[in-house]
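> Structure in structure tokens, see below.
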């Protein structure tokens, strides 16, 4: 049963990572980038394919730049979801306790460290 669940998670991870690359390279073919979806869900579609790096509120800007950077747009959400599913699959097979929570926390820490070095050139 664990093997089947792991295979499903890996497949979902691959689908999400494929969508991430679609958004980056051919956004008009992404899930929410098509004309039909732009009409049905205009705000979601705009968020999905946009690069939402700047906010007027400095606190929201900080949150979206560092700990919540995976919520910025569709590319970052799909990448985070894909990696989380992949690491969850690995951890299920290793049998950690409370692994999903650990993965989410570690991903937020990783994302924050990446964004600090990427935006601020500290490292």
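The values are calculated or read from the model by the stated rules, or taken from the named source; none is laboratory data. Here the structure is a predicted model, which is why all the values come from computation and not from measurement. Here the Cβ positions follow ideal geometry from the backbone for every residue, glycine too, while neighbour counts run over all protein chains shown.
> Return yes when residue 59 is assigned to a helix (DSSP H, G or I) and either at pLDDT 85 or above or closer than 20 Å to residue 18 by Cβ (or both) and no when it is not.
yes
> Same structure, new question: State the number of residues belonging to the range 5-37 that are exposed (fewer than 12 other Cβ atoms within 10 Å of the Cβ) and not in a helix (DSSP H, G or I).
1
> What about residue 91, is it crowded, with 19+ Cβ neighbours inside 10 Å and closer than 24 Å to residue 104 by Cα?
No: the conditions fail for residue 91.
> Would you be able to say whether some residue in the range 98-114 is surrounded by 13 or more Cβ atoms within 10 Å (Cβ to Cβ), within 17 Å of residue 20 (Cβ to Cβ), modelled with pLDDT under 70 and out of contact with any strand residue (DSSP E or B) (no Cβ under 8 Å at 6 or more places or on another chain)?
yes
> Also, I was wondering about something else. Within the range 73-85, identify whether any single residue is in contact with a helix residue (DSSP H, G or I) (Cβ under 7 Å, 6 or more places away or on another chain), modelled with pLDDT under 85 and surrounded by 13 or more Cβ atoms within 10 Å (Cβ to Cβ), and answer yes or no.
Within the range 73-85 (the criterion being in contact with a helix residue (DSSP H, G or I) (Cβ under 7 Å, 6 or more places away or on another chain), modelled with pLDDT under 85 and surrounded by 13 or more Cβ atoms within 10 Å (Cβ to Cβ)), the answer is no, since none of the residues qualifies.
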